[in-house]
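Single-structure report; data block below.
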Amino acid sequence: MSTAGPAAADLRAAARRQAVGLVLVAVVVAVTCTFLGRWQWQRHVDRDAAIAVVEANYAAAPVDLADVVPDPDAVLPDTDAWRSVEVSGRYLDDATVLLRNRPVDGTPAYHALVPLLVTDAAPRDAGDPVAAGRVLVVDRGWVPTGADGSVDVDVPAPPRGDVTVTVRLRPGEATSSRDAPARQVQAIAPAQVLTAGGVEGEPYAAYGALVREQPAAAEPLGALAAPSTDPGSHLSYAFQWWVFALGALAAFGVAARREWTSVVRVGDGPDTLRPPRPRRARGRDELDEDAEIAAHEARDVTAQASAMRSR
């Protein structure tokens with residue numbers, strides 16, 4: 001009984017299984033790269049939106065705090081970030097809190113967070129005071145940490161008495177669960193800042209980054225840096241991932257086609273199939289390869305002749 005039929009079927013099935021496997025790998029890699037590209041694209045879109053907000057708000061003329069934040073408990077909308085506002089009040093100097101781990105241009109630094117007891121959130125309006133008694137956390141600037149990062153740093157005092165402050169609004173950060181020494185915090189979460197400073201007032205959900213004070217302080221702190229408007233590399237990364245997706249489909253597709261067509265006919269019989277030619281071993285020269293292929297073909301011809309004689 002001839003065994004050529006089952007052998008040929010096995011060769012064909014094995015080649016096609018490998019081809020299908022390569023196609024599946026191509027699909028998985030392409031889909032993964034497509035989603036990664038979509039993720040980077042969304043980061044690019046979000047970054048562009050943030051830059052647009054900075055460009056629209058950062059240099060705008062200041063308005064009353066109450067005009068931008070009518071509800072002190074409301075979360076600051078993204079579109080109002082970096083808006084310049086004015087507010088009147090008195091600094092609670094004895095409740096100053098230091099913000100940790102915010103280096104400035106690579107220099108270790110503390111930010112000085114000082115609660116401002118609001119006396120009027122609409123100082124430009126001649127009407128009755130607005131939001132009097134609420135507390136706005138103000139990031140007045142930064143001071144060096146010192147050689148050993150000691151908490152005993154010299155923080156210049158804010159102006160005493162009534163003061164009109166111009167700040168750029170920032171959304172309050174999430175409360176940090178990390179430990180910090182007394183009178184220090186790891187995030188600008190207004191409620192957490194007031195707790196660290198021993199203040200029992202009701203805070204605004206937003207905080208302010210200092211622009212100027214009237215009257216001015218006797219000794220200023222390090223000025224807060226302007227926000228970056230660098231779009232980053234998200235767009236180029238997105239296109240790179242999509243190119244990888246196309247490359248995976250092309251490369252694995254070619255490999256799958258080769259596997260699918262690697263078992264070919266060498267005669268007119270129904271079961272005369274030949275497995276793929278053996279690939280050249282790494283380091284073989286051309287003469288060795290030609291001799292090996294010739295011997296393989298001779299064996300095929302001999303086997304075919306024997307099969308014909310046996311019929």
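Quick notes on this one:
- Compactness of the range 18-177 is given as radius of gyration and Dmax, 22.8, 81 Å, from Cα positions.
- Using only the C-alpha atoms, the convex hull of the range 1-98 corresponds to 203 Å³ per residue.
- Rolling a 1.4 Å probe over the heavy atoms of the protein chains gives the range 1-100 an accessible area of 56 Å² per residue.
- Averaging over all projection directions, the Cα-based convex hull of the range 119-197 occupies 6.8 nm² in the image plane.
The values are calculated or read from the model by the stated rules, or taken from the named source; none is laboratory data. Predicted, not measured: the structure shown is a model, and the values here were computed from it. Ligands, DNA and RNA are excluded from the accessible area calculation, which covers all protein heavy atoms including side chains. Shrake-Rupley method; radii C 1.70, N 1.55, O 1.52, S 1.80 Å.
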